[in-house]
């Protein structure tokens, strides 16, 4: 669980994060990609609630996972990364986001493309499961398989 984020559930229903992975070659947008919308301004969070996504100023604690970022473009403070886990995603100090693993329950550094992945040899991978939900994110992993 990410520090400072409430709630939490496995966004892809317990499936491995790498189910249906492919390399992501996207670009960042101002705000957080959330289904067909981009969350910003008065409603900056993408709230993920059991497969439904919506933009809001605050997400319902315990019932939805708030995504405050979806890539490095949303984290303007030097030394921070967009870090995702069971409770959603937030900009955290890079050292506070040990990432990697095999399930979405682990922390992941979110990215738009491989250039966003700072660790040597990592690739920005996109899950077809999460993309199917409308969550516009990629994760830095050792390989996309």
Selection within the range 127-140 - out of contact with any helix residue (DSSP H, G or I) (no Cβ under 8 Å at 6 or more places or on another chain) and modelled with pLDDT under 85: 127, 128, 129, 130, 131, 132, 133, 134, 135, 136
Test set (1) touching a helix residue (DSSP H, G or I) at 6+ places or on another chain (Cβ under 7 Å); (2) in a loop (DSSP other than H, G, I, E, B) - residue 91 fails condition number: (2)
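The values are calculated or read from the model by the stated rules, or taken from the named source; none is laboratory data. What you are looking at is a predicted structure, and each value in this text was computed from that prediction instead of being measured. We place every Cβ from the backbone using ideal geometry, glycine too, and count neighbours over all the protein chains shown.
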